[in-house]
1. Please tell me if Phe216 is in a helix (DSSP H, G or I), closer than 24 Å to Asp91 by Cα and either at pLDDT 95 or above or among the β-branched types (Val, Ile, Thr) (or both).
2. Restricting to segment 74-129, name every residue that is farther than 19 Å from Pro7 by Cβ and loosely packed, with under 13 Cβ neighbours inside 10 Å.
3. Being of a type in the set (Gly, Ala, Ser), closer than 19 Å to Arg57 by Cβ and modelled with pLDDT of 95 or more, is that true of even one residue in segment 228-249?
4. Please verify whether Tyr181 is of a type in the set (Phe, Trp, Tyr) and out of contact with any Lys or Arg (no Cβ under 9 Å at 6 or more places or on another chain), treating the condition exactly as stated.
5. Return the pair list, or none, for Cβ contacts closer than 7 Å from residues in segment 205-222 that are free of Cβ contacts under 8 Å to residues at least 40 places away in the same chain and buried (at least 19 other Cβ atoms within 10 Å of the Cβ) to residues that are of a type outside the set (Phe, Trp, Tyr) and part of a helix (DSSP H, G or I), at least 6 apart or on different chains.
6. Which numbered condition in (1) closer than 21 Å to Gly126 by Cα; (2) in contact with a Phe, Trp or Tyr (Cβ under 9 Å, 6 or more places away or on another chain); (3) surrounded by fewer than 22 Cβ atoms within 10 Å (Cβ to Cβ) is the only one that Met26 fails?
7. Considering Leu139, Leu104, which residue is of a type outside the set (Ser, Thr, Tyr), under 21 Å from Asp86 (Cβ atoms) and part of a helix (DSSP H, G or I)?
8. Restricting attention to segment 199-225, report how many residues are under 19 Å from the mean Cα position of the chain (by Cα) and closer than 28 Å to Pro102 by Cα.
Amino acid sequence: MEGDETPFAPERKGLRREDCYFYHVMDVPGLGAVEGDWDLRGRLDAYLGGIGLDGRRVLEIGPASGFLTFEMEKRGAAVTAVEVTDEPGWDFVPFPSHVLDPHLGPRRDIMARLKNSWWFNHAAFGSKAKLIYGDVYDLPRAIGVFDIAVMGAVLLHLRAPLQVVEQCARRADTLVITDMYCPELEGAPVCRLVPDPTNDRWDTWWEFSTSFLTQFLGVMGFATVTTTHEQTHRGRTYTLFTIVARRERTPGVAPSPG
């Protein structure tokens, strides 16, 4: 996709609540509190590592229902989000067809309704955020550069997470990576493959140690600060980590989007 015209998605209009699947618990104007899977309300600063957003241009990978999109926009950011295309619709773990095929139709339905929820919220919040349906492994050159790139709980779902980190590093001097914290992996730069022949985990690829990501970020010239925090998923509390990585470079030299 490098070098292509920026493929901003056309706005989806006339959506109803019942057309949507909400990944985030959200307080939506005109609708009130909407139930979802993750409730990040009141803990956004911890989730994003306390970074300043006012006047910043932000690239967001995997916005889901847009809780981060619209909260960052409220804080003064200009947000461009990148979401998966309709096909394949997910970065599926390649289980045999008898395992994977029963999940394909339901996942595509959920993703269609999830995308609707972003646009539903976009209208409700009067948002100016832009959305691209595209390949996160090959972001369009035409999107240019950003101040910040946010990867919020998406790397675990990607077969090649470091390639996405590299793509974001080409376009932003500050990276924010949030993911599940696995204390048993800490102390070494390692990641663990989640699916195996017995668990059929077709939707999730990896668990990471924080040093796995910070070491790779260091290779690319980023200094990092890592924090942990608690977030709620369907009433259960989980510990997540956030890495804020800032490029150590000569002031005034912009990252290359190539």
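1. Considered against the rule, which asks whether it is in a helix (DSSP H, G or I), closer than 24 Å to Asp91 by Cα and either at pLDDT 95 or above or among the β-branched types (Val, Ile, Thr) (or both), Phe216 comes out as yes.
2. Hits for segment 74-129 are Lys74, Gly76, Pro94, Pro96, Ser97, His98, Asp101, Pro102, Gly105, Pro106, Asp109, Gly126.
3. For segment 228-249, residues of a type in the set (Gly, Ala, Ser), closer than 19 Å to Arg57 by Cβ and modelled with pLDDT of 95 or more: present.
4. Yes: the conditions hold for Tyr181.
5. Note: pairs meeting the criteria are Ser209/Leu185.
6. Only one criterion is unmet by Met26, namely (3).
7. Only one candidate qualifies: Leu104.
8. 6
The values are calculated or read from the model by the stated rules, or taken from the named source; none is laboratory data. Treat the numbers as computed from the prediction; the structure is a model and nothing was measured. Ideal geometry is used to build each Cβ from the backbone, glycine not excepted, and the neighbour counts take in all protein chains shown.
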